[in-house]
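The structure appears right after this line, and notes come after that.
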Amino acid sequence: MKETPLSNCERRFLLRAIQERKRLDGRQCYDYRNVRISFGPEHGCCVVELGKTRVLGQVSCELVPPKPNRATEGILFCNLELSPMAAPGFEPGRQSELLVKVNRLIERCLRNSKCIDTESLCVVAGEKVWQIRVDLHLLNHDGNIIDAASIAGIVALCHFRRPDVSVQGKEVTVYSPEERDPVPLSIHHMPICVSFAFFQRGSYLLVDPNEREERVMDGLLVIAMNKHCEICTIQSSGGIMLLKDQVLRCSKITAVKVAEITELIQKALENDQKVRKEGGKFGFAESIPNQKITAFKMDSAAVDTNNVEEQAEEIITKADPPSEVFAKPILHTPGTAQIGEGIENAWGDLEESEREDAAEEEGESSATAFECQRTETEDTNTMSEAKDEPIVLSDSEEEEVVILEPQEEPKKTRPQTNLKQENTSKKAFNKKRRKKRASR
């Protein structure tokens with residue numbers, strides 16, 4: 001399914017708002033959207049939310065033979081998936097141009113920057129090393145996939161714990177988490193990507209563009225940097241020419257944003273580690289705010305249960321006594337009943353029209369009662385007459401009749417008019433016959 005293109009009115013509106021230094025979500029030109037990090041029940045699983053853009057990061061490991069030219073180094077592999085769940089424009093099982101570009105950029109940001117000590121992943125030189133696989137899944141797309149994916153990848157790597165290993169001769173023993181505590185990865189630094197969108201041939205600049213702003217931008221500049229202000233990778237796309245001053249200004253903004261995001265990541269990791277050590281609740285379910293419907297939890301409130309009986313007696317004594325209960329119903333007419341005498345009319349006397357309506361209703365009720373009695377008497381008479389008649393059973397719509405008690409059919413009696421006609425016709429026939437004989 002192809003994504004719906006922007007109309008000319010929407011495009012002009014966005015560009016005009018950017019010229020006036022305004023954005024649809026109320027941010028300033030250099031403002032970054034709120035970053036929220038939540039961890040799963042297992043180590044190495046996290047969800048990063050950059051505004052409404054959500055990316056799930058999952059890290060796994062396995063023992064594999066090393067590459068021939070790097071016998072003492074482990075392997076780091078990154079993979080990003082764009083599913084139709086994130087946006088209807090993404091097709092499953094097909095590598096689009098955007099997917100290839102983002103995958104290459106994430107690999108350069110994490111692997112080529114050597115943020116992980118790959119030599120510490122070696123178990124037996126030339127035979128077995130750890131292969132670390134980083135799987136990133138885009139859950140919701142609202143722009144700036146590169147920044148959200150880079151943050152999710154480095155957070156998942158920092159949170160991951162690999163199993164402990166011991167080597168005796170040629171035997172390699174991998175211990176479970178119950179036998180030995182898992183070992184964290186050796187991470188040198190945390191590279192984070194920051195994206196800049198340029199409009200009208202580089203005249204206007206926005207940080208962290210959303211999905212609609214990405215559709216109308218002329219070019220994109222991505223800078224990956226760590227908190228030590230070291231540029232790990234830089235990429236420009238869109239075919240625009242940038243000046244040296246523009247690139248320097250973007251690098252200064254990147255240094256500020258990377259320092260803030262790195263501090264946020266470290267605090268989130270420390271809080272999660274503290275909760276796990278104390279034995280508290282952790283996971284995605286605990287990270288959902290209590291105000292949302294999907295939280296399925298409430299804040300507990302203390303209830304004082306002391307002197308409950310005394311309080312109940314006080315409430316009963318202060319309460320009004322219950323009203324009288326009428327056990328016997330009042331019968332006005334057959335088929336109707338009333339329990340209680342009702343409440344007096346607070347609207348005063350009835351008007352003439354209302355009196356006439358009430359009188360008519362009383363007359364109709366009496367007439368219906370008389371008709372009911374009359375129909376009941378007729379039904380009893382018909383039932384007594386029907387006792388002597390045979391019982392007829394009909395089971396189908398075609399009226400198949402079964403007579404249980406057959407009786408003799410009554411003799412057919414001809415009407416008098418038919419008898420007279422037959423007699424006259426016989427007399428005329430006899431006269432004609434006589435005349436024929438006489439003529440012979």
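Taking the stated definitions as given, is Gly57 in contact with a helix residue (DSSP H, G or I) (Cβ under 8 Å, 6 or more places away or on another chain), more than 20 Å from Ile146 (Cβ to Cβ), at pLDDT 90 or above and not basic (Lys, Arg)?
Values: in contact with a helix residue (DSSP H, G or I) (Cβ under 8 Å, 6 or more places away or on another chain): yes; more than 20 Å from Ile146 (Cβ to Cβ): no; at pLDDT 90 or above: yes; not basic (Lys, Arg): yes.
Answer is no for this residue.
Can you name every residue in the stretch 131-179 that is closer than 30 Å to Ile223 by Cβ, part of a strand (DSSP E or B) and among the hydrophobic types (A, V, I, L, M, F, W, C)?
Of the stretch 131-179, the ones closer than 30 Å to Ile223 by Cβ are 131-160.
Checking the rest, the ones that are also part of a strand (DSSP E or B) come to 131-140.
If the condition is that a residue be closer than 30 Å to Ile223 by Cβ, part of a strand (DSSP E or B) and among the hydrophobic types (A, V, I, L, M, F, W, C), then Ile132, Val134, Leu136, Leu138, Leu139 are the ones that fit.
So which residues in the stretch 93-116 are open to solvent by 70 Å² or more (accessible area, probe 1.4 Å) and either out of contact with any Ser or Thr (no Cβ under 8 Å at 6 or more places or on another chain) or among the small types (Gly, Ala, Ser) (or both), if there are any at all?
Answer for the stretch 93-116, where residues must be open to solvent by 70 Å² or more (accessible area, probe 1.4 Å) and either out of contact with any Ser or Thr (no Cβ under 8 Å at 6 or more places or on another chain) or among the small types (Gly, Ala, Ser) (or both): Gly93, Arg94, Gln95, Glu97, Arg104, Arg111, Lys114.
Just name the residue that is surrounded by the most Cβ atoms within 10 Å (Cβ to Cβ) out of those in the stretch 194-253 that are of a type in the set (Lys, Arg) and part of a helix (DSSP H, G or I). Spell out the reasoning first.
Let us first name the residues in the stretch 194-253 that are of a type in the set (Lys, Arg), namely 201, 212, 215, 227, 244, 249, 252.
Narrowing further to those that are part of a helix (DSSP H, G or I): 212, 215, 244, 249, 252.
Numbers: Arg212: 18, Arg215: 15, Lys244: 7, Arg249: 14, Lys252: 9.
Looking at the filtered set, the residue picked out is Arg212.
Across the stretch 27-60, which residue is most open to solvent (accessible area, probe 1.4 Å) among those that are in contact (Cβ under 8 Å) with a residue 12 or more places away in the chain and acidic (Asp, Glu)?
If we take residues in the stretch 27-60 being in contact (Cβ under 8 Å) with a residue 12 or more places away in the chain and acidic (Asp, Glu), then Asp31 is most open to solvent (accessible area, probe 1.4 Å).
So, Ile187, is that one at pLDDT 90 or above and open to solvent by less than 30 Å² (accessible area, probe 1.4 Å) or not?
Spelling it out, it is not the case that Ile187 is at pLDDT 90 or above and open to solvent by less than 30 Å² (accessible area, probe 1.4 Å).
List the strands (runs of 3 or more DSSP E) that sit entirely inside the stretch 9-122 and contain at least 3 residues that are farther than 28 Å from Glu263 by Cα.
Values: elements: 35-39, 45-50, 53-64, 75-82.
Qualifying strands (runs of 3 or more DSSP E): 53-64.
Among (1) aromatic (Phe, Trp, Tyr); (2) farther than 20 Å from Val35 by Cβ; (3) touching a residue at least 24 places away in the same chain (Cβ under 8 Å), there is one condition Tyr175 misses while meeting the rest; what is its number?
Looking at each condition in turn, Tyr175 falls short on (3).
Let me spell it out: the conditions are (1) in contact with a Leu (Cβ under 9 Å, 6 or more places away or on another chain); (2) over 16 Å from Arg212 (Cα atoms); (3) of a type in the set (A, V, I, L, M), and Leu24 meets all of them except one. Which number is the exception?
(2)
The values are calculated or read from the model by the stated rules, or taken from the named source; none is laboratory data. Remember, predicted model here, so these are calculated numbers, not experimental data. Note: ideal-geometry Cβ built from the backbone for every residue, glycine included; neighbour counts use all protein chains shown. Surface areas here come from the heavy atoms of the whole protein model, side chains and all, with no ligands, DNA or RNA. Shrake-Rupley method; radii C 1.70, N 1.55, O 1.52, S 1.80 Å.
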